[in-house]
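Contents: one structure, followed by commentary.
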Amino acid sequence: MPAIHLDTVLVSETKPPDDYPLNAPRDITRFNRETINELGFTRAQDISVYVPNYNLIDAGINGFSDRSSIRGLANTPINTTPSVVFYVDDVPYLSSFAYTNQLVNVDSIEVYRGPQGGLFGRNSYAGVINVKSRRPNNNFQSNIFVDYGNFNSLNINSHLSGALIKDQLYFSIGTAYSKRDGYLNNTFRDSKSDFLNHLSGNMSLIWTPNASWEINFSTYLQDFDDGALRLTSLLSDNIYQIQSGNPGFQDQDANNQVLKVSAINLMESVH
């Protein structure tokens, strides 16, 4: 039988506009900047509470070994290709170990449920978490959010952005600091063992040399200096009480740098 040659097949999809109706039949949940601030999103774990069919199991190690699942398809923490892919400013984090935990300087969050090969590429067969940072403009902008709660928890988020050269060179700086006392009472050392102390930040420089090109350099830093893991015996009469001579600690430092060169309105110029 002679070989049959098929024409090239291109699978693509167009992202819905920002004003896409909420009740329209599409498997996407969006959060804009105002909603993110109102709901108090500070960590990636906060997103799953408000999204149907999306679950994130917090391993208690600041994102390390957390497991995301959408519609029953879950990431595993042991060096496998994730089914739920985390994007930050169009950059995919292809390992669940690399997922960002602290949300800093966020403008919008989109959660896509179901396979997203047509929009985002391979390996997103369960869904995509798409995070966008705030874009600077010619106007200088700044804000700061502070909240305080139980266990002396304190969260501070700040943002500063503007133009270094009008219409050409912009900057954006975001910082996040959070801390709280521990839940577990170590009676042997008379201390709260599982305290948290987080510091994160990001910075972006955006250069638009002309109307056709944009060059974006971003860096993200985080420094987590925490106490012991929240591990207790299920057989204990008080699951919030432990006895240990070892205070325990979790220290995590991470930094990412991204250089992105984009052609603006490239499709409009191709005929």
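The values are calculated or read from the model by the stated rules, or taken from the named source; none is laboratory data. Keep in mind it's a predicted model, so treat the numbers as computed, not measured. Note that each Cβ is placed from the backbone with ideal geometry, even for glycine, and that neighbours are counted across all protein chains shown.
Of the residues that make up region 55-63, is at least one surrounded by 13 or more Cβ atoms within 10 Å (Cβ to Cβ) and modelled with pLDDT of 85 or more?
Yes - at least one qualifying residue is present in region 55-63.
Of the residues ASP237, ASP225, only one is free of Cβ contacts under 8 Å to residues at least 40 places away in the same chain, part of a strand (DSSP E or B) and of a type in the set (Asp, Glu); which?
None of the others qualify; the one that does is ASP225.
Look through ARG122, ARG135 and report the one residue that is among the basic types (Lys, Arg), in a loop (DSSP other than H, G, I, E, B) and touching a residue at least 40 places away in the same chain (Cβ under 8 Å).
The match here is ARG135.
Please find, among ASP167, ASP147, the residue that is more than 23 Å from the chain's Cα centre (by Cα), more than 30 Å from GLY72 (Cα to Cα) and surrounded by fewer than 14 Cβ atoms within 10 Å (Cβ to Cβ).
Exactly one residue qualifies, and that residue is ASP167.
Report whether or not SER244 is outside any strand (DSSP E or B), in contact with a strand residue (DSSP E or B) (Cβ under 9 Å, 6 or more places away or on another chain), without any contact (Cβ under 8 Å) to a residue 24 or more places away in the chain and not acidic (Asp, Glu).
No: the conditions fail for SER244.
Based on what the data block shows, is TYR112 over 27 Å from GLN250 (Cα atoms), surrounded by fewer than 16 Cβ atoms within 10 Å (Cβ to Cβ), modelled with pLDDT of 85 or more and hydroxyl-bearing (Ser, Thr, Tyr)?
For TYR112, the condition - over 27 Å from GLN250 (Cα atoms), surrounded by fewer than 16 Cβ atoms within 10 Å (Cβ to Cβ), modelled with pLDDT of 85 or more and hydroxyl-bearing (Ser, Thr, Tyr) - is not met.
Has region 161-170 got at least one residue that is assigned to a strand (DSSP E or B), at pLDDT 90 or above and closer than 25 Å to PHE249 by Cβ?
Initial filter on region 161-170 (assigned to a strand (DSSP E or B)): 161-165, 169-170.
After this cut, where a residue has to be at pLDDT 90 or above as well, the list is 161-165, 169-170.
Then keep just the ones that are closer than 25 Å to PHE249 by Cβ; that gives none.
No.
Can you find a residue in region 116-126 that is loosely packed, with under 13 Cβ neighbours inside 10 Å and in contact with a helix residue (DSSP H, G or I) (Cβ under 9 Å, 6 or more places away or on another chain)?
No, the conditions are met nowhere in region 116-126.
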